[in-house]
Amino acid sequence: MNSAPIDVLVIGSGPAGMAAAIQARKSGSERVLLVERAEELGGLLSQCIHNGFGLIYFSEDMTGPEYGQKFIEKVMDSKIEVLLETMVLRLTADRKVTLCNRNGVQTLAPKSVVLTMGCRERARESIVISGYRPAGIFTAGTAQRWVNIEGYLPGKEIVILGSGDVGMIMARRLTLEGARVKAVVEILPYIGGLIRNEVQCIYDFNIPVLLEHTISNIHGIQRVNGVTVARLDQDKNPIPGTEKFIECDTLLLSVGLIPENELSFMAGVDLDPITGGPIVNERMETNVSGIYAAGNCVHVNDLVDNVTLEGEKAGQNAAEYASGKASQEMRIKLEAGENVRYVVPQMITGKREVTIRLRVKEPGRDVILRVGDIMAKKLKVVKPSEMLNLIVSAKHLKEIKKRTDKLVMSCQKES
Amino acid sequence: MTKHVSEIICIVCPLACRVSVAADDERHILEVDGFQCKKGKEYAVAEYRSPMRVLTTTVIATKSRHALLPVRTNRVIPRGKLINCMNYLAKIKVKPPLKAGDVIVRNILNLGSDIIAVGTLLD
């Protein structure tokens with residue numbers, strides 16, 4: 001390896017990390033190092049063989065592997081240094097990065113760091129389901145890897161808990177591969193993922209959906225042989241007498257994703273209790289100077305295209321920091337108000353145009369999305385599963401009054 | 001003559017309009033209602049006449065470090081033919097080297113669509 005100091009070190013080579021590394025090189029960084037713990041670049045894209053990727057970024061409908069390949073080629077062409085099968089063990093606030101791979105352990109001191117570790121799935125242990133602990137209980141993502149990469153079918157008669165996108169996509173995939181999906185069980189009164197998945201994964205194959213239901217018991221000693229489903233009351237407690245037994249040999253859990261931030265935490269990066277990811281400003285910089293973050297480790301996105309865009313922004317700003325440009329003061333806090341679950345970025349300068357991403361708490365129709373008292377936008381429909389992108393122009397930002405230090409975002413019915 | 005009404009959920013945007021398509025016994029469309037834009041109307045009519053889908057799946061790889069090769073149709077095919085294509089593809093085996101875009105099955109089941117690789121297959 002070259003002895004010049006590393007300008008930008010990127011942790012994780014999924015779509016956010018690849019975009020960050022490519023953009024850092026484009027923005028003038030000489031040495032960009034991309035660190036990946038798996039055997040190849042691309043993160044989870046290789047197991048997401050369904051289409052729907054790239055509609056925004058490339059205006060093209062691509063599969064996960066195709067979308068990933070475009071960026072893998074760019075990484076190869078842009079003289080980015082890549083370390084595969086390498087785990088980052090430690091990150092400090094002064095940007096000392098300790099790596100471990102088959103060559104041993106080493107500590108590097110890059111000028112800036114981009115955190116793009118993505119997210120992981122919630123497992124059975126993070127939700128409460130009583131019953132035995134037999135074989136046959138998988139997260140939807142594990143099942144996806146088995147079916148799409150390794151060539152195994154996890155079971156023949158399947159119940160899926162959670163109607164998020166991964167759960168619905170696996171319902172279709174398993175049906176196509178000859179398994180029978182007996183039910184998708186959802187706690188909420190509506191399906192949790194994108195509308196195209198609801199139609200093309202669930203309705204196309206007549207998969208039964210049980211809304212406002214949960215799994216109250218798992219049966220089977222060696223292997224799952226069934227689950228008990230029950231209707232929920234308004235407080236989300238099972239209603240006695242509504243229990244129903246469904247015979248199955250496999251239970252898939254699609255019950256949410258958790259941003260991976262052990263390293264961020266170690267470095268003293270402040271995390272947002274709602275997103276579970278770093279609090280970032282409009283430059284995707286965390287509270288620790290020189291440490292940037294992007295993608296699903298900041299907040300769980302529904303479209304890869306947005307992850308790529310965020311990664312590019314983090315990569316560009318990390319490169320600027322590495323070249324000696326100082327961090328900027330972020331004076332104004334964006335706060336989640338009425339019917340807003342979270343806002344990213346959480347801090348802005350208030351001086352230049354900014355793209356705000358947010359999620360609502362409850363679905364609604366004909367609502368007004370407000371950014372403090374400076375901007376209001378009518379929206380026909382909002383859903384927690386569809387992230388909202390809002391561009392706040394410099395013209396709107398001029399309306400910010402002198403001593404304002406926060407803008408409350410809200411999304412409510414017209415009053 | 002009886003009027004048959006089908007409800008189609010539009011997937012063009014998050015509005016997810018519920019579009020009703022009314023047709024006669026011969027499936028001639030009489031009226032379309034409930035959409036909020038031109039694209040929505042077009043989608044509902046096309047979806048009523050013949051729902052078309054992209055199929056994405058895998059085929060078995062031999063002589064490779066990979067167990068499977070991910071593939072897709074390069075054009076949309078009728079929704080009703082998805083399972084037929086799956087049954088056909090269950091018998092297909094491929095060997096390296098292959099790269100994204102390579103044709104695996106030409107004109108599958110005479111549907112006018114090729115099955116192409118979407119990933120790389122190495123030794």
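In summary, A:Ile169 fulfils each of the numbered conditions (1) more than 11 Å from chain B (Cβ to nearest Cβ); (2) closer than 24 Å to B:Gly80 by Cα; (3) touching a residue at least 40 places away in the same chain (Cβ under 8 Å) with the single exception of condition (1).
Within segment B:45-56, the set of residues being part of a loop (DSSP other than H, G, I, E, B) and either more than 11 Å from chain A (Cβ to nearest Cβ) or under 30 Å from B:Leu30 (Cα atoms) (or both) comprises B:Ser50, B:Pro51, B:Val54.
Once segment A:47-70 is narrowed to residues that are within 13 Å of B:Gly101 (Cα to Cα) and surrounded by fewer than 24 Cβ atoms within 10 Å (Cβ to Cβ), the residue that is nearest to the other protein chains (Cβ to nearest Cβ) is A:Gln69.
Here is a yes/no grid of residues against (1) under 24 Å from the mean Cα position of the chain (by Cα); (2) more than 14 Å from chain B (Cβ to nearest Cβ); (3) of a type in the set (S, T, N, Q); (4) surrounded by 15 or more Cβ atoms within 10 Å (Cβ to Cβ):
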{"residue": "A:Gly226", "(1), (2), (3), (4)": "no, yes, no, yes"}
{"residue": "A:Phe245", "(1), (2), (3), (4)": "no, yes, no, no"}
{"residue": "A:Val269", "(1), (2), (3), (4)": "yes, yes, no, yes"}
{"residue": "A:Thr275", "(1), (2), (3), (4)": "yes, yes, yes, yes"}
{"residue": "A:Ile279", "(1), (2), (3), (4)": "yes, yes, no, yes"}
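Scanning segment B:57-89 for residues that are in a loop (DSSP other than H, G, I, E, B) and either more than 9 Å from chain A (Cβ to nearest Cβ) or closer than 15 Å to B:Gly112 by Cβ (or both) gives B:Thr62, B:Lys63, B:Ser64, B:Arg65, B:Asn74, B:Arg75, B:Val76. The residue that is farthest from the other protein chains (Cβ to nearest Cβ), counting only those in segment A:360-382 that are of a type in the set (D, E, K, R) and surrounded by fewer than 17 Cβ atoms within 10 Å (Cβ to Cβ), is A:Asp373.
The criterion of at least 2 residues that are touching a residue at least 12 places away in the same chain (Cβ under 8 Å) and within 22 Å of A:Glu121 (Cβ to Cβ) is met, among strands (runs of 3 or more DSSP E) falling completely within segment A:250-325, by A:250-253, A:257-259. Number of residues in segment B:16-44 that are assigned to a loop (DSSP other than H, G, I, E, B), within 13 Å of chain A (Cβ to nearest Cβ) and either surrounded by fewer than 18 Cβ atoms within 10 Å (Cβ to Cβ) or at pLDDT 95 or above (or both) equals 2. Among the residues that make up segment A:106-119, is at least one of them more than 14 Å from chain B (Cβ to nearest Cβ), under 17 Å from A:Glu260 (Cβ atoms), in contact with a helix residue (DSSP H, G or I) (Cβ under 9 Å, 6 or more places away or on another chain) and of a type in the set (Ser, Thr, Tyr)? Checked segment A:106-119: at least one residue is more than 14 Å from chain B (Cβ to nearest Cβ), under 17 Å from A:Glu260 (Cβ atoms), in contact with a helix residue (DSSP H, G or I) (Cβ under 9 Å, 6 or more places away or on another chain) and of a type in the set (Ser, Thr, Tyr). When the residues of segment B:108-123 are filtered to those that are within 14 Å of another protein chain (Cβ to nearest Cβ) and in a loop (DSSP other than H, G, I, E, B), the one that is farthest from A:Gln69 (Cα to Cα) is B:Ser113. The strands (runs of 3 or more DSSP E) located wholly in segment A:95-168 that include 1 or more residues which are within 30 Å of B:Leu122 (Cβ to Cβ) and at pLDDT 95 or above occupy A:97-101, A:104-108, A:112-115, A:119-121, A:137-139. Number of residues in segment A:87-120 that are of a type outside the set (Val, Ile, Thr) and surrounded by fewer than 19 Cβ atoms within 10 Å (Cβ to Cβ): the value is 15. In a residue-by-residue description of segment B:95-107, the property of being surrounded by 14 or more Cβ atoms within 10 Å (Cβ to Cβ), part of a strand (DSSP E or B), touching a helix residue (DSSP H, G or I) at 6+ places or on another chain (Cβ under 6 Å) and within 14 Å of chain A (Cβ to nearest Cβ) applies to no position.
The numbered conditions (1) surrounded by fewer than 23 Cβ atoms within 10 Å (Cβ to Cβ); (2) away from chain B (no Cβ under 14 Å); (3) aliphatic (A, V, I, L, M) are all true for A:Leu153 except (2). Summed over segment A:223-249, the residues that are part of a loop (DSSP other than H, G, I, E, B), closer than 14 Å to A:Ile129 by Cα and touching a residue at least 40 places away in the same chain (Cβ under 8 Å) give a count of 2.
Among the residues making up segment A:331-345, those that are part of a loop (DSSP other than H, G, I, E, B) and surrounded by fewer than 21 Cβ atoms within 10 Å (Cβ to Cβ) are A:Arg331, A:Gly337, A:Glu338, A:Asn339.
Here B:Arg72 meets the list (1) crowded, with 18+ Cβ neighbours inside 10 Å; (2) at pLDDT below 95 almost entirely, failing just condition (2).
The values are calculated or read from the model by the stated rules, or taken from the named source; none is laboratory data. Not measured: the values here are computed from a predicted model. As a convention, Cβ positions derive from the backbone with ideal geometry for all residues, glycine included, and neighbour counts pool all protein chains shown.
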